[in-house]
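Student: I have a structure here, written as structure tokens, and I will follow up with some questions on it.
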Amino acid sequence: MARGAGRARALVACAFATLAMCLGNADAQTRRTASQAERERRVETARAERLRTEANAARREVRQLDARLAAANQRRQEAEIAAIEAQARLDALRAQIDTDTVRRRNAQSALESALIAAAFAERRVEPRATRAGIFARAAAPSFARVERASAASIAQARQLEIAIAQEQITLAEAQQALETERTEIAGLIAQRRAAQSQLTREASAADRRARQLAAEARTLRELAQRVQQATPRAAASTTPAPSGPSAIPAAWMAPAEGRITRNYGARDADGLPSQGVMVRTASGARVIAPANAEIAYAGVFRSYGQVLILNVDGGYALVLTGLETIQARVGQTVSAGQTIGQMPSSDTAAPDLYVEVRRSGQPVDPGRWLSARLAGGSNVRAG
């Protein structure tokens, strides 16, 4: 008989040890998954922001390159117009040179003919020869002036021709340089636009990844419901439950001394109604178990920092956040008044303890209970 009882006790102990191990593994896995997802979400969010910044910078560079390309096109068009005008001037000069050359040749021929005629007239006494000599001597200076003017005009035109030819060479070099610049700018624009598109796609992918990671990391309320369902103590009721679905047992003690700074139902930073209260505690204050309970969760969770979830008889779950250290482990049974954690120590600002009570998965307003316990100052702390 005694042997059977001992075997039963051993089996029960083994079952509880197995349950505690499972809860510990589940707790560690949940903590690792949630914290890892939160870290990855932050990394992806920062990466998406960086990629968007780089994409915007690439977009600005593309706009600047477009402006440079437009200016280069304008300069190239001006160079083409200048080259056309230079060619027109060169053609006009060459036509003028041809005309002046013909005039000079004609003037030289006429002058030579007049001189020859004058020379013959001096040897002959015929009236006709005399008149030709007189005309030749009178026309010779005019022919000489035309010849000199034509020669000067041709010389000036030749100089202008050389200058215009040099200008054409300069314009051709400028056109080549502008064409090279346009090609380089067009290549840069293509590269930066491709980079901008790639950065935009990567930023969108990072945004999607961050949203997926945010969805993967469970909320604190979902965590409380999950761990409450995982422990049999939450469903078992060894003490009579108080009357009313929203009542909290009068014997519960406040988890820490302080004053309520945010009430149940008040809007939080996200604009949602708070399902707990915020208690301003002393720096480094100890946190105790309000009642006999089992630790269902102990550790870091997402951005909430250190989180404690206690399952209490009667279907209650107590959620505490804002602690600096936790002095309890998952699966451990704690007594009312037992120290289970400590608040942060700070010389500048008093820490806040978030207190949330759930019963059968539904939030319960802990304000009346905490107001009475904090005002009464009757908390008795045990080890």
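Student: Tell me, what is the 1.4 Å probe accessible area of VAL300, in Å² to the nearest 10?
Tutor: That residue has around 60 Å² of solvent-accessible surface.
Student: Apply 1/(1 + (r/R0)^6) to the Cβ-Cβ distance of THR339 and VAL300, taking R0 = 30 Å, and write down the FRET efficiency to the nearest 0.05. Don't jump to the answer; show the numbers that get you there.
Tutor: Values: r = 20 Å, r/R0 = 0.65.
Calculated transfer efficiency: 0.95.
Student: Using a 1.4 Å probe over the heavy atoms of the protein chains, calculate the carbon and sulfur portion of the accessible area of the range 69-109 as a whole percent. Don't skip to the answer; put the middle values down first.
Tutor: On the way: 1310 of 2570 Å².
After summing per-atom areas, the C and S share lands at 51 percent.
Student: Starting from the Cα-Cα distance between ALA251 and SER360, subtract it from 0.36 nm times their residue separation and give me the gain in nm to one decimal. If you can, show how the numbers build up before the last one.
Tutor: Working: separation 109, 0.36 × 109 = 39.24 nm, distance 1.93 nm.
The span from ALA251 to SER360 would gain 37.3 nm if fully extended.
Student: While we're here: Roughly how many nanometres apart are two label points built 7 Å out from the Cα toward the Cβ at ARG158 and ARG145?
Tutor: 2.5 nm
Student: What's the extension gain from ALA349 to ARG50 if we count 0.36 nm per residue and subtract their Cα-Cα distance? Write out the running numbers ahead of the final one.
Tutor: Details: separation 299, 0.36 × 299 = 107.64 nm, distance 3.33 nm.
Extra length from ALA349 to ARG50 when fully extended: 104.3 nm.
Student: Counting only other residues whose beta carbon sits under 11 Å from that of ARG50, what net charge do I get with K and R as +1, D and E as -1? Don't jump to the answer; show the numbers that get you there.
Tutor: Working: positive: ARG47, ARG52; negative: GLU44, GLU49, GLU54, GLU202.
Result for the neighbourhood of ARG50: -2.
Student: Follow-up. Would you check the accessible area of THR180, probe 1.4 Å, heavy atoms only, in square angstrom rounded to 10?
Tutor: THR180 exposes around 60 Å² with every protein chain in place.
The values are calculated or read from the model by the stated rules, or taken from the named source; none is laboratory data. All values reported here derive from a predicted model rather than from experimental measurement. Cβ atoms come from the backbone with ideal geometry, glycine included; neighbour counts cover every protein chain shown. We work out accessible area using only protein heavy atoms, side chains counted, and drop any ligands, DNA or RNA first. Shrake-Rupley method; radii C 1.70, N 1.55, O 1.52, S 1.80 Å.
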